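Participant: Quick one: structure below, then a few questions.
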Amino acid sequence: MSATQQRAAVVSLDDVTKGYPGTDTKAVDRVSLDIREGEFFSLLGPSGSGKTSTLRMIAGFEEPTQGRVLLDGLDVSGLPPYHRDVNTVFQNYALFPHMTIQRNVEFPMRMKGVPSREAGARSTEALESVEMAEYGGRLPHQLSGGQRQRVALARALVGRPRVLLLDEPLGALDLRLRQQMQLVLKRLQREVGISFVYVTHDQGEALSMSDRIAVMNKGRVEQLGSPAEIYHRPSTRFVASFIGRSNLLPCAVEALGDSSLAHCGDGITVMLPAGTPAGQALLSVRYESVALTEGGASGGFPVTVDEVVFLGDAVEIIGRTGATVLVARTGGQRGLRVQRGDSVEFAIHPTGAVILRD
Amino acid sequence: MSFVAVLAWVAVLVVAPNMLLLFYSVLTNRSGRATTQLTLDNYVSVVTSDVTPLLLGRTLVTAVAAAALATVIAYPAALFALRNLGRHRTLAVLLMVVPLWISYLVRVYAWKIILGDSGVINSTLAAVGLTDEPLSFLLYSRFAVLITLTYVSIPFVFVTSYTALERIPPSLLEAAEDSGASPFRVVRHVIWPLSRQSAAIGFSLALLIAVGDYLTPSLVGGLRGTMYGSLVVSQFGIANNWPLGAALSVVLMVVVGALLLAVARLTRTEGHLE
């Protein structure tokens with residue numbers, strides 16, 4: 001284990017692969033990762049990237065065709081879901097329609113054989129933690145989507161599982177409720193200290209709530225890191241374009257002793273840290289790392305403005321120089337004064353430029 | 001418009017015939033002709049008869065047993081087909097329903113061939129050497145009626161159960177398993193409560209078929225297998241006493257109606273699927 005992994009792994013995926021009969025493409029392809037104690041861990045990726053399959057293998061609804069899933073260091077292969085100390089919050093809530101809210105939340109404890117008085121007290125407590133205690137006597141169809149989601153959370157948390165799995169739990173909610181629920185989730189996770197594994201295709205959700213994110217694509221983990229690492233230091237073309245907005249520039253990297261210089265054509269050059277391998281490479285530059293500079297700034301290059309897009313809190317300026325098109329995102333007032341057809345100067349902020357491995 | 005059409009339909013095909021039946025049951029029979037002298041004598045003779053209440057009891061027991069047996073067989077079969085047969089389950093449903101395409105008479109007659117003295121069972125037993133002479137209780141008995149009615153009822157319970165089970169979202173079953181419920185408890189706490197109303201409809205259909213049936217008793221029941229339906233038929237037929245036949249029918253309808261109401265009450269489930 002590396003030095004950064006102070007806390008024990010609650011879930012470990014060891015070379016996990018999931019294939020389905022009749023198809024060669026693998027839903028999950030040799031994924032290995034550790035989810036630590038008390039961590040908010042997100043699996044982020046587009047649909048079909050294997051994130052839900054990964055989650056279902058942790059829950060026990062599906063078995064890997066290869067590799068192992070470990071809970072607290074124990075191989076749980078072949079162990080059915082009802083014997084795993086893991087609970088899931090389903091995308092469509094999956095509340096039992098014939099049970100009251102109270103009964104729904106009590107259900108996991110009834111199944112565990114907890115005495116009914118204690119089960120009642122604990123489910124009330126769980127419902128209180130999601131501010132749903134007064135709805136205990138209602139039936140699921142009498143609640144709104146957001147309320148049902150809170151109940152589903154309470155039901156999944158009431159048994160204090162080692163890990164809580166969340167499968168796009170906010171997918172069916174509208175934007176405002178979703179933002180509200182993000183806060184609820186984050187607060188709950190902090191309070192109960194249980195590891196959360198959160199599956200989402202929404203980068204905003206993943207970035208705002210997670211301690212760490214695994215970005216998945218075509219069954220593989222493209223990159224694993226903190227939200228800031230994922231955002232600022234994307235390691236592949238996929239991550240750079242899936243999360244945030246990036247300019248991708250093919251460059252030739254040249255070593256210059258104590259630093260490196262990338263030549264990206266059309267007079268664009270970017271300083272890179274020393275040790276960057278020389279040769280052809282793809283450079284990723286976040287929109288907000290392209291600055292609109294005053295004439296004569298070092299590293300600046302002239303562009304012609306193709307389009308100005310007003311976004312409310314920022315302005316995106318699409319500039320062209322030769323065959324290269326770059327987008328700069330600026331929050332300043334200056335961006336508002338730029339107009340189509342203007343000649344301005346862009347500069348690439350060295351810390352915002354990353355070489356991708358492809 | 002459509003409301004009026006439905007009302008007319010119900011009036012002509014449901015209310016009118018039953019009113020007519022009710023009306024006939026209070027008429028007086030005079031040597032094969034119903035006269036409009038109103039009386040309750042028909043009901044009195046139904047209730048005070050030596051045979052009728054006994055036959056009613058026996059018929060109810062047989063019909064309930066057949067419907068219950070059919071449910072015990074068909075409900076798990078539907079569950080099994082849905083959960084374990086994968087893409088072959090449509091074929092399974094088809095195979096279960098196919099008997100309905102065959103004439104009722106033929107299906108009942110088939111049991112005569114199976115259960116008879118020189119039938120499939122007895123000749124097999126004799127060939128193997130287990131029995132010296134045919135087991136005579138198989139045919140022309142209440143046992144034969146029970147088996148045949150159960151067989152006839154199975155497709156109805158199967159179809160109603162299957163459609164209800166199919167409507168239960170798989171995520172609910174996963175949520176139950178995820179909450180620590182073993183497969184048996186998933187059935188007990190989630191699947192059964194969410195499908196028992198439909199299973200009860202299948203049970204009720206089976207009960208209705210069995211309770212009024214006179215063909216099966218007359219073909220495979222023999223004398224000991226006589227059922228209430230046979231009695232009703234004979235009043236409308238050979239005895240030519242329509243008022244008594246109507247009174248017998250009304251009594252059966254009331255008793256069975258009460259029974260079905262009780263079944264519906266017992267299987268009621270709160271809440272509903274989206």
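The values are calculated or read from the model by the stated rules, or taken from the named source; none is laboratory data. Computed from a prediction, not measured in an experiment: that's the story for all the values here. Glycine also receives a Cβ, built like all others from the backbone with ideal geometry; neighbour counts cover every protein chain displayed. The area values use the complete protein model at the heavy-atom level, side chains included, leaving out ligands, DNA and RNA. Shrake-Rupley method; radii C 1.70, N 1.55, O 1.52, S 1.80 Å.
Participant: How far is helix A:116-129 tilted, in degrees, relative to the longest principal axis of the Cα atoms in chain A, given as a value from 0 to 90 rounded to the nearest 10?
Facilitator: Helix A:116-129 sits at roughly 20 degrees to that axis.
Participant: At what distance in nm do the modelled label points of residue A:72 and residue B:40 sit from each other, each positioned 7 Å from its Cα along Cα→Cβ?
Facilitator: 7.3
Participant: Another question about this same structure. Per 0.36 nm of contour for each residue apart, how much would the distance between residue A:191 and residue A:343 grow if the chain were fully extended, relative to their Cα-Cα spacing?
Facilitator: On the way: separation 152, 0.36 × 152 = 54.72 nm, distance 5.36 nm.
Extending this stretch completely gives an extra 49.4 nm.
Participant: Using only Cα atoms, tell me the angle between helix A:101-112 and the longest principal axis of chain A; keep it within 0 to 90° and round to the nearest 10.
Facilitator: Tilt of helix A:101-112: around 80 degrees.
Participant: Let me ask another. Report the gain in length on full extension from residue B:224 to residue B:84: 0.36 nm times residue separation, minus Cα-Cα distance, nm rounded to one decimal. Mind dumping the intermediate values first?
Facilitator: Values: separation 140, 0.36 × 140 = 50.40 nm, distance 4.16 nm.
Result: 46.2 nm gained on full extension.
Participant: Past the 28 angstrom mark, what percentage of all C-alpha to C-alpha distances in the stretch B:48-266 do you count?
Facilitator: 41
Participant: Say the cut-off is 18 Å between C-alpha atoms; which of A:18/A:218; A:112/A:186; A:51/A:112 go over it?
Facilitator: Those over the limit are A:112/A:186; A:51/A:112.
Participant: Pick out, from B:231, B:134, B:82, the residue whose Cα sits farthest towards the positive end of the charge dipole of the protein assembly as shown, with +1 on the Cβ of Lys and Arg and -1 on the Cβ of Asp and Glu.
Facilitator: Ranked along the dipole, the leading option is B:231.
Participant: I've got another one for you. Taking 25 Å as R0, compute the FRET efficiency from the Cβ-Cβ separation of residue B:124 and residue B:65 and round it to 0.05.
Facilitator: So the FRET efficiency works out to roughly 0.45.
Participant: Test of understanding: in a Gaussian network model of chain A with alpha carbons linked when under 10 Å, which of A:111, A:132, A:216 would top the mean-square fluctuation ranking?
Facilitator: A:111
Participant: Kyte-Doolittle cut-off -1.0, length cut-off 18 Å along the helix's own axis using Cα: show which whole DSSP H helices in chain B pass.
Facilitator: Long hydrophobic helices here: B:52-84, B:142-166, B:192-212, B:242-266.
Participant: Using alpha carbons only, how many angstrom separate the centre of the stretch B:1-39 from the centre of the stretch A:186-215?
Facilitator: Cα centres, the stretch B:1-39 to the stretch A:186-215: 70 Å.
Participant: Also, quick follow-up: Between helix A:175-192 and chain A, what is the angle of the helix's C-alpha long axis to the longest principal axis, kept within 0 to 90° and rounded to the nearest 10?
Facilitator: Approximately 70 degrees, to the nearest 10.
Participant: Based solely on its DSSP helices, what 222 nm [θ] is calculated for chain B when runs of n ≥ 4 H residues each add -39,500 (n - 2.57) and the sum is averaged over all residues, nearest 500 deg cm²/dmol?
Facilitator: When only DSSP H runs of four or more count, the value is -21500 deg cm²/dmol.
Participant: Right, here's the next one. Which number comes out as Rg/Rh for the protein assembly as shown once both Rg and the Kirkwood Rh are worked out on C-alpha atoms?
Facilitator: 1.19
Participant: How would you order B:98-111, B:180-193 from highest to lowest mean count of nearby Cβ atoms within 10 Å? Display every interim value, and only then the final one.
Facilitator: On the way: B:98-111: 13.4, B:180-193: 17.9.
Result, highest mean first: B:180-193, B:98-111.
Participant: Something else now. Please name the residues of the stretch A:63-88 whose accessible area, counted over protein heavy atoms with a 1.4 angstrom probe, falls by no less than 20 Å² between the chain alone and the full protein assembly.
Facilitator: Output list: A:81, A:82, A:87.
Participant: When the dipole is taken about the Cα centre of the protein assembly as shown, and only Lys, Arg (+1) and Asp, Glu (-1) are charged at their Cβ, what size is it in debye, to the nearest 20?
Facilitator: Value, rounded to 20: 1680 debye.
Participant: Next question. As I understand it, the dipole of chain B uses +1 on the Cβ of Lys and Arg and -1 on the Cβ of Asp and Glu, about the Cα centre. Which of B:257, B:113, B:29 lies farthest toward its positive end?
Facilitator: B:29
Participant: Compute the separation of the alpha-carbon centres of the stretch B:102-153 and the stretch B:154-222 and state it in Å as a whole number.
Facilitator: 27
Participant: Counting only protein heavy atoms and using a 1.4 Å probe, what share of the accessible area of the stretch A:155-274 belongs to carbon plus sulfur, as a whole percent? Mind dumping the intermediate values first?
Facilitator: Numbers: 2590 of 4970 Å².
It is 52 percent, rounded to a whole number.
Participant: Only counting protein heavy atoms at a 1.4 Å probe, give the residues of the stretch B:235-274, ordered by number, whose accessible area falls by 50 Å² or more when the other protein chains are present relative to the chain alone.
Facilitator: At a threshold of 50 Å² (probe 1.4 Å), the residues of the stretch B:235-274 that become less exposed are B:270, B:272.
Participant: May I ask which residue of A:335, A:352, A:264 lies farthest towards the positive end of the charge dipole of the stretch A:248-356, with charges of +1 (Lys, Arg) and -1 (Asp, Glu) on Cβ and the Cα centre as origin?
Facilitator: Among A:335, A:352, A:264, the one farthest towards the positive end of the dipole of the stretch A:248-356 is A:335.
Participant: What total accessible surface area, summed over both chains, is buried at the interface between chains A and B, computed with a 1.4 Å probe and given in Å² to the nearest 100?
Facilitator: Result for this pair: about 2100 Å² buried.
Participant: What does the accessible area per residue of the stretch A:291-358 come to in Å², with a 1.4 Å probe and no ligands, DNA or RNA counted?
Facilitator: Computed with neighbouring chains in place, this is 55 Å² per residue.
Participant: Expressed as a whole percent, how much of the Cα-Cα distance distribution for the stretch A:3-237 exceeds 23 Å?
Facilitator: Value for the stretch A:3-237 (Cα pairs over 23 Å): 48 percent.
Participant: Suppose every K and R has +1 on its Cβ and every D and E has -1 on its Cβ; what is the size of the dipole of the stretch B:1-120 about the Cα centre, in Debye to the nearest 20?
Facilitator: With only Lys, Arg, Asp and Glu charged at Cβ, the dipole is about 420 debye.
Participant: Carbon and sulfur: what percent of the stretch B:122-182's accessible surface (1.4 Å probe)?
Facilitator: Details: 1700 of 2650 Å².
About 64 percent, which is the carbon plus sulfur part of the accessible surface.
Participant: GNM on chain A, C-alpha springs below 10 Å: top fluctuator among A:40, A:238, A:310?
Facilitator: Of A:40, A:238, A:310, the most mobile in the Gaussian network model is A:310.
Participant: Here's a follow-up. Dipole of the stretch A:248-356, Cα-centred, from +1 at each Lys and Arg C-beta and -1 at each Asp and Glu C-beta, to the nearest 20 debye? Show your work: numbers first, answer last.
Facilitator: Numbers: 6 positive and 11 negative charges, 24 e Å.
It comes to approximately 120 debye.
Participant: Follow-up question, since we're still on this one. To the nearest Å, what is the center-to-center distance of the stretch A:23-65 and the stretch B:47-63, using C-alpha atoms only?
Facilitator: 64
Participant: At a 1.4 Å probe radius, which order do B:1, A:99, B:96 fall into by accessible area, largest first?
Facilitator: Output order, biggest surface exposure first: B:1, B:96, A:99.
Participant: While we're here: Relative contact order for chain A: what is it in percent, counting Cα pairs under 8 Å that are at least 6 residues apart? Intermediate results must be reported in sequence, preceding the final value.
Facilitator: Values: 761 pairs, mean separation 54.6, N = 358.
Reported as a whole number, the value is 15 percent.
Participant: Moving to a separate point now. Can you give me the accessible area per residue for the stretch B:116-213, using a 1.4 Å probe, in Å²?
Facilitator: That works out to 43 Å² for each residue.
Participant: Between A:263, A:201, A:98, which gets the highest mean-square fluctuation from a Gaussian network model of chain A, Cα cutoff 10 Å?
Facilitator: A:98
Participant: Still on this structure, please answer the following. What does the structure give for A:107-118 when I average, per residue, the other chain Cβ atoms found within 10 Å of the residue Cβ?
Facilitator: Taking the mean over all residues of the peptide, I get 3.
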